[in-house]
Every structure is written in C-alpha cells, then in structure tokens.
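Novice: Take this structure first; my questions come after.
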Amino acid sequence: MTETYDLGVIGGGVHGCTAALFAARGGMRVALLERGPLCREASGVNAGTLTLQMTRLALIPYAMRAHAMWAAAPTWLGHDVGVVVCDGLSLAFTDAEAELLRFRATKRREAGAPIALISGREAMAVEPGLTDRALLAGHCKVDGFANAYLTGLAYRRALLKAGVALHENRAVTGLEREDGGFTARTATGPVRFRRVLIAGGVWIERMLRWLGVELPIKVLVNQLVVTERVRPVMRTVVGIANGLLSLKQYPHGTVVVGGGWQGEGDRERGGVALRPERMVGNLRLACHAIPDLRGARMARAWAGLEAETADALPAAGPVPGIPGAFVCGSVHSGYTSGPYIARLMADRILGREPEMPLFPIDRLLAPRHAGTPEAA
Amino acid sequence: MTSRRIPGATRPAEVAFTYAGTPQRAPTGEALATALACAGVLGLRRSPAAGTPRGAFCFMGSCQECLVLVDGVPRQACLVPVRPGLDVQPVPDAMP
Amino acid sequence: MRQADLIVLGAGPAGTEAALAASAAGLDVVLVEEAQAAGGQVWRAPYPGLALPKPDEDATAGAALRDRLVASRVETHFNARAWSVNTLPEGGFRLDAATESGPLSLAAPRLVAATGAVERVIPFPGWTLPGVVGLAAATVMLKAQAVLPGQRVVVAGCGPLLAAVAAKILASGGEVVAVVDRASRAEWLAATRHLATRPRLLARGLGWALRIAGRRVPVLFGHAIHAAEGQDVLEAVQVAPLATDGSFAAAPPRRFMADALCVGDGLVPGAEIPRLLRAPMRFDRTLGGWVPQVDAEGRTSIPGLFAVGDGALLRGQAPAVHAGRLAGLAAAHDAGRSDAAAFAQASAADHAALATLAPFAAAVSRLMALRPGAVRAIAPTTVVCRCEDVTRGMIDAAFEDGAREVNQLKHFTRCGMGPCQGRSCGDVAAEILAARVGSREAAGCWTGRPPLRPVPLADLLGEFDYADIPIPAPAPL
C-alpha cells in the first residue's frame, strides 16, 4: 500500500524546497522527490548574489520581498544560509555603460528598487576597495549575498522538521495522471499524490513533456570562480552596468566571481567544463573593479545550469489543462527571488489567493506536435 | 625543529634576501622553505579558520601550507628558489 | 596557440618516458612540468648547483633521464603550472599553463596525464604543527635540498619509504630517535616472498634496515603516532601500539623528544585530469584508491587521453617507466606512425616488464594501503581537513545531517574547499564517510574542476585594458 500525498514536489532546489516547506506548514502531506542531494544543482552552486541591480524589472517587487525573506531566513528556514545584507554597487566604466546604467537604474527605481545613482568618487567612499576608474555607480543600500552551498543543509533540516517526506537520490522517470491524481515512477517504486508541483530547474521542459506540455527552456551554463581565503579587499557586492559581473567577499575571506560568463554543458551532463579565456575575462573584470583582488589565487571554478524561458520571465503557475498540476521555475536570478515566488506557489496550491500575481505559462507554450522527437 | 644543511655537499654561493623585513642568507636556488627552516623559521602562517601555526608539510607543492608572499605574489615556499633580493613576507591573515 | 601532436603533463618517470618514446617515434611532443626539472618526486633533481656528497642510484637514474630529455626533440616547459585542460569540440585537448614568461596555451589531438601521486597521512592530534612533514617531503629535503629535517627525527608511517628515509638521515649524519612502522613484522615477512622478485631492491631495503639496526635506532613495528606535541613547533611525539585492525591498542603511548617528525601512510593517485575530464573511474584499493579506467597502454575511454604513472595506477617507479613508454608508443601508433605489427613488437618488452614487476608492486601497495581501522581511530577533535580545520567530529556530524557522498560533505563542512583541493584530506575524509555509507564506491569520488592547482591571479591576468575584455552581450532588462 502506498499512501497518496496531498502534494508531490518534483525537484529539490530552492523553488521545490520552499514550496514544499510552506505547503507542509499549511497542513498538506507533502512528498519531495529529488534525483540527487537537495540543492546541489543551481541552488547550491550559484553565486549567491541577492541584488536588486541585476534583477529583471518585472521581478523587482518579488525580489524585494524575497530579499527580506533571505535576511530573515533564521525565522522561517531555521538557518541563516550565510546571508549578508550590504551595500551593492553597479559600475559603469565607459560613457556607453554610464548611459546604460542611468537607463536601467532609473527603470529599476521606478519599479520600486531603492537604487540611487552616485559618482565614481562617492562609490569609492562606499567601497574603499573600489578602483578610481568608475565613472558612475548604481548604489543600493540593501543588496547582499548568501552562501549558496549552505542552502541544501538548511532546507534539509527544515523540511524534515516540517514533516515533509523527503526522498533524495530518487529520480522520477515518469509521471502519469491516475485516479484524479498523479503517479510518479521511480526505480524504487511509484509515489502517488493528488497534486504535483514540477520544480525541476532546467529539467522542467522534460518533466512537463510527461504531461504532454511543451515548454521550451533554454539552458545557460554559468561559470563561477572562487579564490582562497584572503585578507579583506571589499565590503560590498559589486556588479557592472551590463550585468556581467558579480563579485563579493564572504565573511570567511573567499571572493566569488561570476556574472553569467558561459561555460560548456547541457542538461544531460551538467556544467562539465569551463572556458579558460572566459575565466580570465571574468577575472580581469573583477580585478578592474577591485584592484587588490589581483593579490589572490584562484582556488576553484565550476559551472552550473540556469533555466531561461523565451521571455526570460518565470514559469510559475498552474499547468494549463491539467488540474492539480503546477510548475515553478526558470525565474532568472531564481536564487534571489526564488523563496518568495515559491511561497506564492505554495499559497496557490493550498487554495489561497497569492498576494502577488504568479506567472502563468500559457504565454510560453509551444504547440504540441504528435510524434515530435524528444529534443535535448 | 631546525633543519641543518648536510655537510659535504657542494652548494652555490649564498645570496641575501629578506623575510618579514629581516635579512637572510641562503644558497641561490635552494627552496625558500628549506632556507627558512635552516634559519629556524618553521611557522610560516596561521590556518584561517582556527588560527593554528602552519609551515611546510609536503615539500612538493601539494598541501599549500607553506604559502608566503614573494614580491607581493602568493607562492608556495617549497617551490620558490632563493634568488638575490627576494622580498618575502608572511601572507596577511584572511579575515580579522 | 602552439599546436602539437602530443601534450604530456608531468615530467616524472612516466611522463618523461612517454614524451621520449612518442618523440622517438616521430611525434611533435610538448612536455609541461611544474617543477624546475624532470624527475618527479622519486628522481627529483638537486637544485641547480647542488652536488650531493654521495649520489645514490635514484640520483644517477634521475640525471640519466634528464640527459636523455635534453638530447631529445621534446619541447619542454618547466616552472609551468598547468591550470586548465579542456577537450576541444573537434577532438583533442587544450592545455593552459601559467609560466614565468606568461600564459601558455597548447593544443594537441592526444594528451598523456602523468601528474603523480600525493602522500596520505592519517591525521593525529598535532599533525599540523610546523616540524611535522611527510615522508616524501623528507625525501625531497634530503635528496633535492641536502638538508636534514631536524636534529632529532622520528620517522613514522608505513611502506618502504620509512626505512629509506631513516637510513638516509643516518647516512647524512643525522639522528633518528625512533622508526615507527604501522606494519607488523609478520606483514613484512609475508611481503618478503614478493619483494624477493626484485632482489636488488630487496637487498637495498635490507641494507637500510641494517644501517638502522647498526645505529641502535628503536624500530617499533605495529605502532603509529598517537599525537604530536608542541606550542608553535613540534617538541615531542607520542607513539602507541596498534591492535590487529590498525586502531590503537589499550596500552599507553611512549613519548620521544623530537624536533622533526617525518610521517607518511602511503600514496594516493592524483588522477586530476581523468577526474576533470570525467573519464570513468573505479575504486581499487590495491592500486591506491580511485583510479581511472585504462587499458593496457594507458588509454582512458576519452579518445586521445592517456593516464599513466602513479598519478593513474599506483604501482611505483619501475612500472611507471614502462607504462609511460607504452603510452608514448601507443600515442604514436594511434597517430598512424606505426602499424599494428610494429607497435606490438615495440611494446612487447614493456608489457612483459610490467608483468614481471607486478608482484613486487602489489606487495608494496599492500604495505602502503589505507588501513580502515586506523581511520576509525581518528579522534573527533582531530583536524582532518588541514586547510579549513574541519575535524573528524564535523565530518561525522555532516553524515548525521544527511551528507552521503563526498561532494555533499564538502558543501556541508567546507572539507576539501581549501587551496589544497582535497589533496591532503580527501582520501581519509572519504574513508570516514565510507564507514557510514557502506563503501568507498557509495561515498563517491571528488569532482575535478579547474584550476588544477591554485594559481595567482597575477600570473593569469597579465596587463590589459578594460577594452580588451571580451564582454558578452548584456543580460536582458
């Protein structure tokens, strides 16, 4: 006999874990199925940047609420995940970048983000480690960052405490609609639930196909570099107007450099390789912004997969035509906004009206052709 | 532990360099870690997490315990040959 | 970018022989090495200008290898730190290195990875004190630097290096306070039959033992280091007897005043390139632990990638020479320089030699193998990950928290996240986790990522203008 859960969550990243957590606290019996350890994909290997200055315009209200959630993580997650709230600077080094920065910062401020434009000199006062070559900077006093690799440990404890039936290292190989609910197939037997939330990151395309829904998802392969622990060289989280640098120093001294430089990988193999010239380019950008970083050594680099929809906005809402099926993912800066969007998702699943609109996927669906070969 | 140069070996001429501002002498080409050990300097840094004293351990570039700054660049002392005028400093502590 | 027929990474016995064999067979070979000369660890060159009073046979063999390399057409790059290796979309490999004269990028259809082994030390309280060094480290100090590790030296661990180091210290005028061997006399006796298949080496080992006995150095079989004591440097060593499973027996430790402790508990293949490129690995304790799956000529299942020497399969110096040569010949054959018959003929002697050397190598491997009982005995407050001060207790707590595999353990504790990239702690940490999850296979293999070694940003970046940086298209608004 297998019990039928009120909700089955497929995918154990920030979206799946947060939704499962709040659904369980809302009274549902929840099972979470994750093919590996929790939060080991994007959620555990991203740069941890919690900035409003790289957030998509439409997501700014969500990111601000998510930022507050991250800052208060001990209260709802039981773990601080290494969150540091600090000043954030988005830099412009050329006139073209300054123009881009003015435009983007203004737009983001209009959307509610507390971003001010300051001169390069003022920016140096905010960030003593900053180069004197910045022309202009966007300044947000409540940016920050988290320590992504702590995410899995934090959610694991919280989920177990909340009574979620946690199934790590249990891959779902198929999903069928049965008896008014859903049955997930795994190597160690089926799992049944009345409702299902698909939260599988870059793999939601494959998962939605189990339900006959075609949602194309682009896979980004983001490279990251970390130094060994070094003396303090910076105190803010730093980016660049075009969004292609993320840079922060953790309390224990390591500096993480990212910004979306692309490595090699795919859904099947993961982020398998890094491009050396792109690591060097990324690091040059970082050292241009924070010159003292040059004295550090690169200790490790890696690549993680990030999902992106056709309009680079989230896929979060009910699955059209499939009552009881929901999807949550591809949020873009999903770590930043993830906990809040997933919490809205949990509200929706619990039958409550979410306090902010979700992002229904109807707009993204490709027409389904019978016999289409399964694309990569 | 004080290392001791084995008598009877032929060595190149000694050259002068500095460690933490103090003058040192060692045969040119000798590994910096060796030169410092022979001068009685074994503790080169402190571990960042617990602050315990560390020095050269593997002597083959693997363990990273012998990290020092050589002319401002972090290098493993077991791999750096002594050269005249080297300015060697301990690495700064990671975070206060 | 320099295009070659073959890249060899690592100029130890295996890598250098591979480079020489491939070059002699007509390939354009580039050899990259981090140290200032070829020889690896076992044949490490004395630094330039250093001449030892009595060069031993390793010194002679190393010099001969270096001479052959100089006389060859192999293009060598010493003091070159390889930090990145990639497979190319069209096939073949790209290697990036930081050198004294700036960045070096190489490309070739084939690559031989011969990056060597790392020494394993089973942690004990105080093992991080300055004054505690590895056994291989002691060998480097004695042979390549001509220095004694200290005035009063304790030599400890397991395997043939123990007697070699102790004897060398004595021969160089130093004092050995005690030799502390994990193996029992019975283990050594059982190994003698296989060690006798290489009579010259056995005789050399007996010579070491005689020298040690002649100087009346206490040799404690079936013992291990219980703790190292000292404030800022080593001052004393506690030694305790072992039970049959390798853990400490109930008897109290003995104390020796010492200013140097040379300790090593075997070697572990580095296998950095196979792990980095995701070549299939397997776990084999008799070959040092996690090893790449290779055929008889060292080919991995990644086309064009060879892995040889102690960095692949831990078999020692003599097999490494033959394995290296086979890989070099095989690379030339695969590149079309010899047909199947010619290749079979050229490689026959090396294949035969490997077979002959196998029993000795296996016996040494057994003596150096990781003893699970010894790992079990590590106390909870003992540091396992030196870089990050992660203790045995923290690793156990991570298991309680749900860590089931080494890469997850790393996320939970930072064990393995420090600059040594898990070289000092990885094998022991994996063994601790394996005892809880059931097997080393279940505990998994540490993921390989660039850089292959920590590399100073100053070496990578060079001089550049902001406009030089190839910034991709901006992120969407």
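Novice: Among the residues of segment A:59-66, are any more than 16 Å from A:TYR340 (Cα to Cα), buried (at least 24 other Cβ atoms within 10 Å of the Cβ), within 12 Å of chain C (Cβ to nearest Cβ) and within 15 Å of the chain's Cα centre (by Cα)?
Specialist: Narrowing segment A:59-66 to residues more than 16 Å from A:TYR340 (Cα to Cα): none.
There is no residue in segment A:59-66 that is more than 16 Å from A:TYR340 (Cα to Cα), buried (at least 24 other Cβ atoms within 10 Å of the Cβ), within 12 Å of chain C (Cβ to nearest Cβ) and within 15 Å of the chain's Cα centre (by Cα).
Novice: Determine, yes or no, whether A:ARG343 is touching a Phe, Trp or Tyr at 6+ places or on another chain (Cβ under 6 Å), more than 11 Å from every other protein chain (Cβ to nearest Cβ) and not hydrophobic (A, V, I, L, M, F, W, C).
Specialist: Values: touching a Phe, Trp or Tyr at 6+ places or on another chain (Cβ under 6 Å): yes; more than 11 Å from every other protein chain (Cβ to nearest Cβ): yes; not hydrophobic (A, V, I, L, M, F, W, C): yes.
The answer is yes for A:ARG343.
Novice: Identify all residues within segment A:233-277 that are surrounded by fewer than 22 Cβ atoms within 10 Å (Cβ to Cβ), basic (Lys, Arg) and more than 21 Å from C:PRO470 (Cβ to Cβ); write none if there are none.
Specialist: A:ARG235, A:ARG267, A:ARG269
Novice: Considering every residue within segment C:232-249, establish whether at least one is buried (at least 17 other Cβ atoms within 10 Å of the Cβ), closer than 30 Å to C:THR381 by Cβ, more than 26 Å from the chain's Cα centre (by Cα) and small (Gly, Ala, Ser).
Specialist: Yes - at least one qualifying residue is present in segment C:232-249.
Novice: Across segment A:278-323, what is the total count of residues that are in contact with a Cys (Cβ under 6 Å, 6 or more places away or on another chain) and either among the β-branched types (Val, Ile, Thr) or surrounded by 22 or more Cβ atoms within 10 Å (Cβ to Cβ) (or both)?
Specialist: At the first step, the residues of segment A:278-323 found to be in contact with a Cys (Cβ under 6 Å, 6 or more places away or on another chain) are A:293-294, A:316.
Add one more test, that the residue is either among the β-branched types (Val, Ile, Thr) or surrounded by 22 or more Cβ atoms within 10 Å (Cβ to Cβ) (or both), and what stays is A:293, A:316.
Adding up the residues that qualify gives 2.
Novice: Continuing with the same structure: Just give me the residues in segment B:1-27 being facing chain C (nearest Cβ under 7 Å), of a type in the set (S, T, N, Q) and touching a residue at least 12 places away in the same chain (Cβ under 8 Å), in sequence order.
Specialist: The answer is B:THR2, B:SER3.
Novice: C:THR99: out of contact with any Leu (no Cβ under 6 Å at 6 or more places or on another chain) and β-branched (Val, Ile, Thr), yes or no?
Specialist: Details: out of contact with any Leu (no Cβ under 6 Å at 6 or more places or on another chain): yes; β-branched (Val, Ile, Thr): yes.
So C:THR99 passes the test.
Novice: Please pick out the residue among A:ASP132, A:ASP179 that is surrounded by fewer than 22 Cβ atoms within 10 Å (Cβ to Cβ), free of Cβ contacts under 8 Å to residues at least 24 places away in the same chain and closer than 30 Å to A:ALA289 by Cα.
Specialist: None of the other options fit; the residue is A:ASP132.
Novice: Let me ask something else. Look through segment B:29-80, keep the residues that are polar (S, T, N, Q) and facing chain C (nearest Cβ under 7 Å), and return whichever of them is nearest to C:ALA136 (Cα to Cα). Give the steps one after another, and end with the answer.
Specialist: Residues of segment B:29-80 polar (S, T, N, Q): B:34, B:47, B:52, B:62, B:64, B:76.
Still in the list and also facing chain C (nearest Cβ under 7 Å): B:34, B:47, B:52, B:62, B:64.
Values: B:THR34: 15, B:SER47: 22, B:THR52: 23, B:SER62: 11, B:GLN64: 15 Å.
Per the stated criteria, the residue is B:SER62.
Novice: Moving to a separate point now. Check whether at least one residue in segment B:11-30 is crowded, with 22+ Cβ neighbours inside 10 Å, at pLDDT 95 or above and in a loop (DSSP other than H, G, I, E, B), and report yes or no.
Specialist: yes
Novice: Okay, moving on. For segment A:295-354: of the residues being within 20 Å of A:TRP210 (Cβ to Cβ) and among the polar types (S, T, N, Q), which is nearest to the chain's Cα centre (by Cα)? Walk me through how you get there before you give the answer.
Specialist: Taking segment A:295-354 as the starting set, the residues that turn out to be within 20 Å of A:TRP210 (Cβ to Cβ) are A:305, A:307, A:309, A:315-330, A:345, A:349.
Keeping just the survivors that are among the polar types (S, T, N, Q) gives A:309, A:330.
Working: A:THR309: 14, A:SER330: 8 Å.
Among those residues, the one meeting the criterion is A:SER330.
Novice: I want to confirm something. Restricting to segment C:211-262 and keeping residues that are in contact with a helix residue (DSSP H, G or I) (Cβ under 9 Å, 6 or more places away or on another chain) and in a helix (DSSP H, G or I), which single residue is farthest from C:ILE169 (Cα to Cα)?
Specialist: C:GLY214
Novice: For segment C:165-200, name all the residues that are small (Gly, Ala, Ser), part of a helix (DSSP H, G or I) and touching a helix residue (DSSP H, G or I) at 6+ places or on another chain (Cβ under 6 Å).
Specialist: Step one: list which residues in segment C:165-200 are small (Gly, Ala, Ser), which gives C:166-167, C:171-174, C:178, C:183-184, C:186, C:190-191, C:196.
So of that shortlist, the ones also part of a helix (DSSP H, G or I) come out as C:166-167, C:171, C:186, C:190-191.
Matches in segment C:165-200: C:ALA166, C:ALA167, C:ALA191.
Novice: Provide a single number: the residues in segment A:1-46 that are part of a loop (DSSP other than H, G, I, E, B), surrounded by 24 or more Cβ atoms within 10 Å (Cβ to Cβ) and of a type in the set (A, V, I, L, M).
Specialist: Going residue by residue through segment A:1-46, those that are part of a loop (DSSP other than H, G, I, E, B) are A:1-3, A:11-13, A:26-29, A:34-41, A:46.
From what is left, the residues that are surrounded by 24 or more Cβ atoms within 10 Å (Cβ to Cβ) are A:11-13, A:34, A:38-39, A:41, A:46.
Checking the rest, the ones that are also of a type in the set (A, V, I, L, M) come to A:38.
Here the count works out to 1.
Novice: Taking the options A:VAL238, A:VAL196, A:VAL225, A:VAL219, name whichever one is within 14 Å of chain C (Cβ to nearest Cβ) and either modelled with pLDDT of 95 or more or assigned to a strand (DSSP E or B) (or both). Working first, answer last.
Specialist: Values: A:VAL238 fails: within 14 Å of chain C (Cβ to nearest Cβ); A:VAL196 fails: within 14 Å of chain C (Cβ to nearest Cβ); A:VAL219 fails: within 14 Å of chain C (Cβ to nearest Cβ).
Result of the check over A:VAL238, A:VAL196, A:VAL225, A:VAL219: A:VAL225.
Novice: In the list C:ALA144, C:ALA108, C:ALA137, C:ALA114, which residue meets the criterion of being surrounded by 20 or more Cβ atoms within 10 Å (Cβ to Cβ), within 12 Å of another protein chain (Cβ to nearest Cβ) and either among the β-branched types (Val, Ile, Thr) or under 30 Å from A:ALA301 (Cβ atoms) (or both)? Outline the logic, then answer.
Specialist: Working: C:ALA144 fails: either among the β-branched types (Val, Ile, Thr) or under 30 Å from A:ALA301 (Cβ atoms) (or both); C:ALA108 fails: within 12 Å of another protein chain (Cβ to nearest Cβ); C:ALA114 fails: within 12 Å of another protein chain (Cβ to nearest Cβ).
Result: C:ALA137 is the single residue among C:ALA144, C:ALA108, C:ALA137, C:ALA114 that is surrounded by 20 or more Cβ atoms within 10 Å (Cβ to Cβ), within 12 Å of another protein chain (Cβ to nearest Cβ) and either among the β-branched types (Val, Ile, Thr) or under 30 Å from A:ALA301 (Cβ atoms) (or both).
Novice: Sticking with this one: Quick check, is A:GLU268 in a loop (DSSP other than H, G, I, E, B) and at pLDDT 95 or above?
Specialist: yes
Conditions tested, residue by residue: (1) more than 19 Å from B:SER3 (Cβ to Cβ); (2) part of a loop (DSSP other than H, G, I, E, B).
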site	(1), (2)
B:THR34	no, no
B:VAL41	no, yes
B:ALA50	yes, yes
B:CYS58	no, yes
B:GLY61	no, yes
B:ARG75	yes, no
B:CYS78	no, yes
B:ASP93	yes, yes
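Novice: Which ones in segment C:410-436 are away from chain B (no Cβ under 12 Å), under 23 Å from the mean Cα position of the chain (by Cα) and assigned to a helix (DSSP H, G or I)?
Specialist: Scanning segment C:410-436 gives C:LYS410, C:ASP427, C:VAL428, C:ALA429, C:ALA430, C:GLU431, C:ILE432, C:LEU433, C:ALA434.
Novice: Give C:LEU460, C:LEU477 a once-over and let me know the one that is free of Cβ contacts under 8 Å to residues at least 60 places away in the same chain, facing chain A (nearest Cβ under 10 Å) and hydrophobic (A, V, I, L, M, F, W, C). Before the answer, list the steps.
Specialist: Numbers: C:LEU460 fails: free of Cβ contacts under 8 Å to residues at least 60 places away in the same chain.
The conditions single out C:LEU477.
Residues are listed down the side, and each one gets a yes or a no for (1) part of a helix (DSSP H, G or I); (2) among the β-branched types (Val, Ile, Thr); (3) within 14 Å of another protein chain (Cβ to nearest Cβ); (4) over 25 Å from C:PRO109 (Cα atoms):
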residue	(1), (2), (3), (4)
C:VAL8	no, yes, no, no
C:ALA22	yes, no, no, no
C:ALA38	no, no, no, no
C:GLN41	no, no, yes, yes
C:TYR47	no, no, yes, yes
C:THR60	yes, yes, no, yes
C:LEU65	yes, no, no, yes
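Novice: I would also like to ask the following. Against the condition over 24 Å from C:VAL375 (Cβ atoms), touching a residue at least 12 places away in the same chain (Cβ under 8 Å) and crowded, with 21+ Cβ neighbours inside 10 Å, how does C:ASP259 come out, does it pass? Before you say what the answer is, go through the steps one by one.
Specialist: Values: over 24 Å from C:VAL375 (Cβ atoms): yes; touching a residue at least 12 places away in the same chain (Cβ under 8 Å): yes; crowded, with 21+ Cβ neighbours inside 10 Å: yes.
It is true that C:ASP259 is over 24 Å from C:VAL375 (Cβ atoms), touching a residue at least 12 places away in the same chain (Cβ under 8 Å) and crowded, with 21+ Cβ neighbours inside 10 Å.
Novice: Return the only residue of A:LEU57, A:LEU77, A:LEU50 being over 23 Å from A:LEU244 (Cβ atoms), in contact (Cβ under 8 Å) with a residue 40 or more places away in the chain and hydrophobic (A, V, I, L, M, F, W, C). Walk me through how you get there before you give the answer.
Specialist: Working: A:LEU57 fails: over 23 Å from A:LEU244 (Cβ atoms); A:LEU50 fails: over 23 Å from A:LEU244 (Cβ atoms).
The conditions single out A:LEU77.
Novice: Surrounded by fewer than 17 Cβ atoms within 10 Å (Cβ to Cβ), part of a helix (DSSP H, G or I), at pLDDT below 95 and not basic (Lys, Arg), is that true of C:ALA203?
Specialist: Values: surrounded by fewer than 17 Cβ atoms within 10 Å (Cβ to Cβ): yes; part of a helix (DSSP H, G or I): yes; at pLDDT below 95: yes; not basic (Lys, Arg): yes.
Taking the combined requirement at face value, the residue satisfies it.
Novice: Does at least one position in segment C:356-375 carry a residue that is surrounded by 17 or more Cβ atoms within 10 Å (Cβ to Cβ), closer than 26 Å to B:PRO53 by Cα and under 21 Å from the mean Cα position of the chain (by Cα)?
Specialist: So far as segment C:356-375 goes, yes, one or more of its residues are surrounded by 17 or more Cβ atoms within 10 Å (Cβ to Cβ), closer than 26 Å to B:PRO53 by Cα and under 21 Å from the mean Cα position of the chain (by Cα).
Novice: Quick one: is B:THR10 farther than 25 Å from C:VAL263 by Cα and in contact with a strand residue (DSSP E or B) (Cβ under 6 Å, 6 or more places away or on another chain)? Steps first, please.
Specialist: Values: farther than 25 Å from C:VAL263 by Cα: yes; in contact with a strand residue (DSSP E or B) (Cβ under 6 Å, 6 or more places away or on another chain): yes.
Judged against the criteria, B:THR10 is a match.
Novice: Would you check if there is a residue in segment C:289-304 being assigned to a helix (DSSP H, G or I) and touching a residue at least 12 places away in the same chain (Cβ under 8 Å)? Please lay out each step first, then the result.
Specialist: Step one: filter segment C:289-304 for residues assigned to a helix (DSSP H, G or I), giving none.
For segment C:289-304, residues assigned to a helix (DSSP H, G or I) and touching a residue at least 12 places away in the same chain (Cβ under 8 Å): absent.
The values are calculated or read from the model by the stated rules, or taken from the named source; none is laboratory data. All figures in this text were calculated on a predicted structure; none of them were measured in a lab. Because the Cβ atoms are built from the backbone with ideal geometry, glycine has one as well, and the counts that use them run over all protein chains shown.
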